1. Could you say which residue among T126, T102 is of a type in the set (S, T, N, Q), in contact (Cβ under 8 Å) with a residue 60 or more places away in the chain and either closer than 29 Å to Y180 by Cβ or open to solvent by less than 10 Å² (accessible area, probe 1.4 Å) (or both)?
2. For N168, state whether it is of a type in the set (S, T, N, Q) and assigned to a loop (DSSP other than H, G, I, E, B).
3. Kindly provide the set of residues from region 109-123 that are buried (at least 17 other Cβ atoms within 10 Å of the Cβ) and outside any strand (DSSP E or B), ordered by number.
4. Does at least one position in region 72-95 carry a residue that is of a type in the set (K, R), under 17 Å from P150 (Cα atoms) and under 15 Å from the mean Cα position of the chain (by Cα)?
5. Only one of (1) out of contact with any strand residue (DSSP E or B) (no Cβ under 6 Å at 6 or more places or on another chain); (2) farther than 20 Å from I85 by Cβ fails for R114. Which number is that?
6. What pairs can you find where one residue is in region 12-28 and farther than 15 Å from A67 by Cα, the other is open to solvent by less than 30 Å² (accessible area, probe 1.4 Å) and assigned to a strand (DSSP E or B), and their Cβ atoms are less than 6 Å apart, with a gap of 6+ or different chains?
7. Being touching a residue at least 60 places away in the same chain (Cβ under 8 Å), more than 20 Å from S93 (Cβ to Cβ) and surrounded by fewer than 11 Cβ atoms within 10 Å (Cβ to Cβ), is that true of even one residue in region 129-140?
8. Counting only residues that are under 13 Å from N127 (Cβ atoms) and surrounded by fewer than 17 Cβ atoms within 10 Å (Cβ to Cβ), how many does region 174-198 have?
Amino acid sequence: MSPAVIANDTDRWLDRHMSALARRSVFEIGCGGGRDTRVLANGGCAVIAIDSSAASIERARAVAPAAEFRCQDLRAPWPASVVRIDAVVASLSLHYFTWAETVAIVARIATALRTGGLLLCRLNSTNDVHYGARGHPAIERNYFSVDGQPKRFFDRAAIDALFGAGWNLRDVEERTVMRYTYPKVLWEIVATKVASDG
């Protein structure tokens, strides 16, 4: 099946999810310059956001001053307030890591969420040929050194493996968006944390 194409996309991908997120506690992983943070804050969410770039954090703080920000590597311990969070948002921020690290990060997300909590996630697709999915030195399967930066690309099998036990995958869709100069192909995932056995 071909990816759904979003024509003239302004990348306000969260808009269709805001009825579920409004006035909830949200942990944003990799906030960048605050594009999504602003949407979340304007929707009444209590946002805690992290990013590894101090310059990005400053830009995000300027557009979403009500949010709480922390500049850190997302593999470092998360803020103490990230406990039993209602939702986690991670847009194009989980693709820089080895498979083992990626699995560990997703497990930490599950730990941070309350039972029934929501994960909204976007991941690079293996069809994202304009942004590194082809023609770069391999580090691991579908994990390449793209202009010196490690970058992972996901197929459906990898998504199913990553969000196996402990998750209910409510929606998985491959989309093409005009976020940058050329079309970008990504996966958009909606998942909920399920109760653990026992």
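The values are calculated or read from the model by the stated rules, or taken from the named source; none is laboratory data. Worth saying up front: this structure is predicted, and the values here are computed from it rather than measured. Heads up, the Cβs are rebuilt from the backbone with ideal geometry, glycines too, and the neighbour counts pull from every protein chain shown. We work out accessible area using only protein heavy atoms, side chains counted, and drop any ligands, DNA or RNA first. Shrake-Rupley method; radii C 1.70, N 1.55, O 1.52, S 1.80 Å.
1. Values: T126 fails: in contact (Cβ under 8 Å) with a residue 60 or more places away in the chain.
The conditions single out T102.
2. Answer is no for this residue.
3. Correct list: I109, A110, A112.
4. Yes: region 72-95 contains one or more residues that are of a type in the set (K, R), under 17 Å from P150 (Cα atoms) and under 15 Å from the mean Cα position of the chain (by Cα).
5. (2)
6. Every condition considered, the pairs that remain are H17/L120.
7. no
8. 1
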